[in-house]
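Note sheet for the following structure.
The values are calculated or read from the model by the stated rules, or taken from the named source; none is laboratory data. If you're wondering where the values come from, they're calculated on a predicted model, not measured in any experiment. All Cβ positions, glycine included, derive from the backbone under ideal geometry; neighbour counts span all protein chains shown. Quick note on the areas: whole protein, heavy atoms, side chains included, nothing else; ligands and nucleic acids left out. Shrake-Rupley method; radii C 1.70, N 1.55, O 1.52, S 1.80 Å.
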Amino acid sequence: MAGHVPAQAKLDMVVKIIGRSMVAEVCSIYLRRASGDLELFATEGLAQGAVHVTRLRRGEGLVGEIVRAGAPLNLSDAPSHPAFAYRPETGEDPYHAFLGVPLLRGGRAIGVLVVQNRTERVYSDEEVEDLQIIAMVLSEMVGAGDLLSQDQLKDVEIAPHRPERMKGARFSEGLAYGVAVLHEQPVAPEEMFSDDALAEDVRLKTAIAGLQRQIDTMLEGDRGLVGQSYEVLETYRLFAHDRGWNRGLEEAVRSGLTAEAAVERVRSEHRARLGQARDPYLRERLHDLEDLNDRLLRHLGGGANVSRSLPENAILIARNLGPADLLEYDRTRLKGILLEEGSNASHAAIVAKALDIPCVGRLVGLRDRVNEGDPVIVDAETGEAYLRPRPDVITAIQSRMEVRDQRKAQFARLRDTPAFTKDGAKITLLMNAGLAIDMESLPDTGAEGIGLFRTEFQFMVAEELPRLEAQTALYERVLDAAGDMPVTFRTLDLGGDKLVPYMEQAREDNPALGWRAIRMGLDRPALLRMQLRALIRAAKGRPLRIMFPMVASVDEFRTARSFVDLEVTWAHRRGRPAPERLDVGAMIEAPSLLWHLDALLPMTDFVSVGTNDLLQYLFAADRGNPLVSDRYDPLSPPALRALKTIQKACADSGTPVSICGEIAGRPLEAFALTALGFDTLSMPPAGIGPVKKMVLSCDRAAAGRGVESLLKSGGGSVRNEIETLARKIYVAI
Ligand code: PEP
Ligand code: MG
């Protein structure tokens, strides 16, 4: 095949060899044109005049049906099948028995391989299996360009090659342009075959047994820890022990594939079959199967090889990324991430944000549309991905990247300038953090401390529950890195959209309103107390600030605070130093507190307004659902009045208050907050520069008067009015 034989002659030879080895009178290869049509590319047994003439549209004929279903079709009498499309030019009248299998690459059917016989017969399971394996090899050869000339390949949908734009969700802000690196590397053609089927069989069986044991152990483990994913694990177990799944893999290995190639084959088949399913249940199952395949590859030692060297400007392409995956890539070369799945609260999103790597997720079908080495753009400002972009798109993105860099440089120059408004009010700008890595950016941002340390992130990126030592070690590192700057640790805010696989959590109809955050902490005092103990230990006598998330009633705060007292006493009894100063605060996220601030504030040392949640509850609009999350504007009278109520109550009672939701990091929103009288804002690191620029140009008194008058507006949003006001008084927003 490597010889200088014309491409068509090679294909003709291939159909001859396959036909002979399958004892078939007809063997044909159909390939998919970019138009979606399936064209007869080579045949042994049908009329040669039909080659490159016979074409079937998507879903037309038996061949079209095979592509649509992504599955083999085995018929004893093809012409009597309802989908049969008669094509006189092929001369296929005498053939009754028909076996066709899809040519799969990734989850895409790029063509169909067919064998036919005169007699009415049903091909055996072994024959179907054999033909599928031949098809797998054939697809790889076609895909690798071994069988067709570049010219012929141009119009064949072997590998995606047209520019594409995909819309997803923004997980970590920024822009990147680079080359695609597939996290889950397909098995290289030279690693597909083994000379020793027996040894491969042993490898496969050992890996499957290991996988089964792992899942069984997870299921038998402490139910309290497994909890929420119990159902999922049970599905895994069903699949892992499934005879059909095992048999498919074993047969593939027996016929000469390596164990990895066998997994790949079974995986492509599942993807092709289930990938088009609209049924959410089936799609979930596909997801489970993908996980299982990934696990099996890891057991084979052939999983993602993350230590491989990256090209410069690498854009990582993955279905999803586990906790440790991202950290193992070379950060200096990894410029962006595109994910097929994930959520804003998933590991990958959290770590990408901490590393300041632009990331777009929920790009359905991504992996089947991108090839290793393709140029790609991550537009994590709009939540889009451009695959193989056209030159004008590249130019546009490059100039946007330049503007971003210039702005960054401008903000960096403001780093050491204290944030005073023009009329002399000091605004304290703090940073939100959640992982040790975040602390690296603290000195660069010019933030004056950490206003919100989301302790649950450590739990979300871990494979198992972080124990006392691990928690203490993290908090100590954070406090050491912060030096004299204050750090406000928020106790675990798990539940809602932040789930960990190892903790029990029943499926809830309304997770955002469910068993989460401090509710969980109060019901599982051991968990909360362990964390408080770790915090007190890590402080080693230094000042400590702790706050509780999602407090909805004063009683909850009182009880939570009593646990802090218990832990201080506990430390004291063991001769450990108590924090030199201990501030305990509440997050204001549940609207109920707005009408009980008079009772709450005297019990607290400070409060912090979590506007992400407060506004979601105020407007009854799920913050994670794009259909409703942007429907209500934080710059609207109800939201601003609620915030003003909090600000006023805090000012009257002398309670320090900060805002730590995302809005604090957006210049226009921060302008409104400053105008309302808030003077401590805690935000994502990227917000500090732009917000400081706003503060430095702001006349707070004038802003206050303007915003105050807008609180009475009868309209929905006052965004435009606030923007006009800012421009009128020359504020840089
Ligand atoms: C908030 O709700 O505004 C907040 C800061 O907490 P989180 O985003 O972690 O829920
Ligand atoms: Mg919150």
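Structure summary
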{"item": "D583 touching a Phe, Trp or Tyr at 6+ places or on another chain (Cβ under 7 Å), among the acidic types (D, E) and more than 16 Å from ligand 2 (Cβ to nearest atom)", "result": "yes"}
{"item": "Subset tally (residues that are under 25 Å from C698 (Cβ atoms) and in contact with a strand residue (DSSP E or B) (Cβ under 8 Å, 6 or more places away or on another chain)) for the stretch 425-440", "result": "7"}
{"item": "Helices (runs of 4 or more DSSP H) wholly inside the stretch 578-661 that include at least 1 residues being free of Cβ contacts under 8 Å to residues at least 24 places away in the same chain and away from ligand 1 (no atom under 14 Å from the Cβ)", "result": "626-629, 637-653"}
{"item": "Enumeration of residues in the stretch 507-555 that are away from ligand 2 (no atom under 15 Å from the Cβ), buried (at least 19 other Cβ atoms within 10 Å of the Cβ) and closer than 27 Å to A620 by Cα", "result": "V554"}
{"item": "Exclusive hit being touching a Lys or Arg at 6+ places or on another chain (Cβ under 8 Å) and under 26 Å from L363 (Cα atoms), set E476, E381", "result": "E381"}
{"item": "All positions within the stretch 450-486 that are under 21 Å from A352 (Cα atoms), touching a Gly at 6+ places or on another chain (Cβ under 7 Å) and open to solvent by less than 20 Å² (accessible area, probe 1.4 Å)", "result": "F453"}
{"item": "Only listed residue being closer than 26 Å to F411 by Cβ, aliphatic (A, V, I, L, M) and surrounded by fewer than 24 Cβ atoms within 10 Å (Cβ to Cβ), chosen from L710, L676", "result": "L676"}
{"item": "So Q398, is it in contact (Cβ under 8 Å) with a residue 60 or more places away in the chain, assigned by TED's automatic domain parsing to the domain that holds V376, under 28 Å from T382 (Cβ atoms) and away from ligand 1 (no atom under 16 Å from the Cβ)", "result": "yes"}
{"item": "Number of the exception - N720 against (1) within 21 Å of G424 (Cα to Cα); (2) part of a helix (DSSP H, G or I); (3) not basic (K, R)", "result": "(1)"}
{"item": "E120 being over 33 Å from the mean Cα position of the chain (by Cα) and over 30 Å from G687 (Cβ atoms)", "result": "yes"}
{"item": "Members of the stretch 250-288 found to be surrounded by 17 or more Cβ atoms within 10 Å (Cβ to Cβ), in a loop (DSSP other than H, G, I, E, B) and at pLDDT below 75, listed by number", "result": "G275"}
{"item": "Within the stretch 466-496, considering residues that are of a type in the set (G, A, S) and out of contact with any Asp or Glu (no Cβ under 9 Å at 6 or more places or on another chain), the one nearest to ligand 1 (Cβ to nearest atom)", "result": "A482"}
{"item": "Residue count, the stretch 341-397 (criterion: acidic (D, E) and closer than 27 Å to L442 by Cβ)", "result": "2"}
{"item": "When residues of the stretch 606-654 are limited to those that are within 30 Å of L544 (Cα to Cα) and open to solvent by 40 Å² or more (accessible area, probe 1.4 Å), the one nearest to ligand 2 (Cβ to nearest atom)", "result": "Y617"}
{"item": "Residues of the stretch 567-604 satisfying the condition of being under 18 Å from R545 (Cβ atoms) and among the aliphatic types (A, V, I, L, M)", "result": "V568, A571, A578, L582, V584, A586, M587, I588, L600, L601, M603"}
{"item": "Subset of the stretch 474-528 [among the aromatic types (F, W, Y) and touching a residue at least 60 places away in the same chain (Cβ under 8 Å)]", "result": "Y475, Y502"}
{"item": "R524, sole failed condition from (1) within 16 Å of ligand 1 (Cβ to nearest atom); (2) at pLDDT below 95", "result": "(1)"}
{"item": "Count of residues meeting criterion [away from ligand 1 (no atom under 15 Å from the Cβ) and more than 26 Å from the chain's Cα centre (by Cα)] in the stretch 446-465", "result": "4"}
